[in-house]
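Contents: one structure, followed by commentary.
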Amino acid sequence: MQALAYPTVSAIITAYNSADYIGDALESVHRQTMRPTEIIVVDDGSTDRTQATIRDLGADIRYFYQDNRGEASARNRGIALAVGEAIAFLDADDAWPPNRLATLSARLTEGRPYSIVCGRARAFEKEPWIEALSPGPRRPEAFLMSFGCALIRREVFRVIGHVDVTMQHGVDLDWFLRCREHKVPIVTIDDIVLLYRRHRQNMTRDFAAGREGLMRTLKQSLDRRRKANTVVESLPSWENLGRTN
């Protein structure tokens, strides 16, 4: 049987004042059983030691600095710079399990030709990220329709367009709903593919703004579907790992 040809993968890390965490993020990428073709870090205007920290962590890192324009802009810059056939995003305060890229790449290439594969996330808080590789009572798990949980063929961005830089909340969901509207083939798996770090600076801590962003995102999707005279499908589940128990 002929071995499957996995896509080349660009790992894109977006960072803003992430000196305390980005070392863990990069270590988790370097520990991947299937190494990415390239590691891109887009620094969205950090004023702490993020840049100096990155410079000390590996010559294989492509580092790019830009004025502070928001995470969506940083993601778009990373996409424009990427050369891989698939894109894997990682926020600078999160981490990947070691088999993350291998697991998602295998599903992306086997059987039906999927364009996006999404897995599950496990939250952790104060313990080292390595400890979060194991499940635990204070490490809730959920499926998130988010960039951090996905491996995406780069060609999808040419069809769907880039991330909406006018949005502060609901950015990921907005892009994935646009994919559904265009019937992009997406598959979900039960594997943990993201270790999500909960801390005081998480954007998901702002529950009121998150709800407002969610409502705006859903309304925009409904308006687009009505304009296109399409049938509204059931919306994907969306769980907020930032919510504390």
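The values are calculated or read from the model by the stated rules, or taken from the named source; none is laboratory data. Please read all numbers here as calculations on a predicted model, not as lab measurements. All Cβ positions, glycine included, derive from the backbone under ideal geometry; neighbour counts span all protein chains shown.
Which pairs have Cβ atoms under 6 Å, sit 6 or more apart or on different chains, and link a residue in region 159-182 that is touching a residue at least 24 places away in the same chain (Cβ under 8 Å) to one that is crowded, with 17+ Cβ neighbours inside 10 Å and among the hydroxyl-bearing types (S, T, Y)?
V165/S73; G170/T217; D172/S146; L173/T217; D174/T217; L177/S221
Looking at (1) at pLDDT 95 or above; (2) within 16 Å of the chain's Cα centre (by Cα), find the lone condition where A132 falls short.
Here A132 clears every test but (2).
Counting only residues that are among the polar types (S, T, N, Q) and closer than 29 Å to A19 by Cα, which one in region 92-108 is surrounded by the fewest Cβ atoms within 10 Å (Cβ to Cβ)? Break it down into steps so the answer makes sense when it comes.
Narrowing region 92-108 to residues among the polar types (S, T, N, Q): 99, 103, 105.
Keeping just the survivors that are closer than 29 Å to A19 by Cα gives 99, 103.
On the way: N99: 16, T103: 20.
So the residue we want is N99.
Checking T14 against (1) surrounded by 19 or more Cβ atoms within 10 Å (Cβ to Cβ); (2) farther than 30 Å from T109 by Cα; (3) under 18 Å from the mean Cα position of the chain (by Cα), which single condition isn't satisfied?
(2)
Report, by residue number, each residue of region 102-115 that is over 18 Å from A142 (Cα atoms) and in contact with a strand residue (DSSP E or B) (Cβ under 6 Å, 6 or more places away or on another chain).
Within region 102-115, R107, L108, Y114, S115 qualify.
Going residue by residue through region 14-37, is there one that turns out to be touching a strand residue (DSSP E or B) at 6+ places or on another chain (Cβ under 7 Å), within 23 Å of I160 (Cα to Cα) and either among the aromatic types (F, W, Y) or assigned to a strand (DSSP E or B) (or both)?
Checking region 14-37: at least one residue is touching a strand residue (DSSP E or B) at 6+ places or on another chain (Cβ under 7 Å), within 23 Å of I160 (Cα to Cα) and either among the aromatic types (F, W, Y) or assigned to a strand (DSSP E or B) (or both).
Okay, residues lined up against (1) in a strand (DSSP E or B); (2) under 25 Å from F176 (Cβ atoms):
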residue	(1), (2)
Q51	no, no
L101	no, yes
A106	no, yes
A123	yes, yes
E127	no, no
R139	no, yes
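When the residues of region 167-186 are filtered to those that are touching a strand residue (DSSP E or B) at 6+ places or on another chain (Cβ under 8 Å) and of a type outside the set (A, V, I, L, M, F, W, C), which remaining residue is modelled with the lowest pLDDT?
It comes out as R180.
Among the residues of region 161-181 satisfying the criterion of being assigned to a loop (DSSP other than H, G, I, E, B) and of a type in the set (V, I, T), which is nearest to C118 (Cα to Cα)?
V163
For region 25-60, which residues satisfy the criterion of being surrounded by fewer than 19 Cβ atoms within 10 Å (Cβ to Cβ), at pLDDT 95 or above and acidic (D, E)?
Across region 25-60, the qualifying residues are E27, E38, D48.
Across region 118-150, what is the number of residues that are within 11 Å of D191 (Cα to Cα), out of contact with any Phe, Trp or Tyr (no Cβ under 7 Å at 6 or more places or on another chain) and aliphatic (A, V, I, L, M)?
Count: 1.
In the set F157, F89, F64, which member is part of a helix (DSSP H, G or I), aromatic (F, W, Y) and either crowded, with 16+ Cβ neighbours inside 10 Å or modelled with pLDDT of 95 or more (or both)?
Details: F89 fails: part of a helix (DSSP H, G or I); F64 fails: part of a helix (DSSP H, G or I).
Of F157, F89, F64, the one residue that is part of a helix (DSSP H, G or I), aromatic (F, W, Y) and either crowded, with 16+ Cβ neighbours inside 10 Å or modelled with pLDDT of 95 or more (or both) is F157.
So which residues in region 109-128 are charged (D, E, K, R) and surrounded by 15 or more Cβ atoms within 10 Å (Cβ to Cβ), if there are any at all?
Within region 109-128, R120, R122 qualify.
Tally up the residues in region 129-147 that are free of Cβ contacts under 8 Å to residues at least 24 places away in the same chain, among the polar types (S, T, N, Q) and surrounded by 15 or more Cβ atoms within 10 Å (Cβ to Cβ), please.
0
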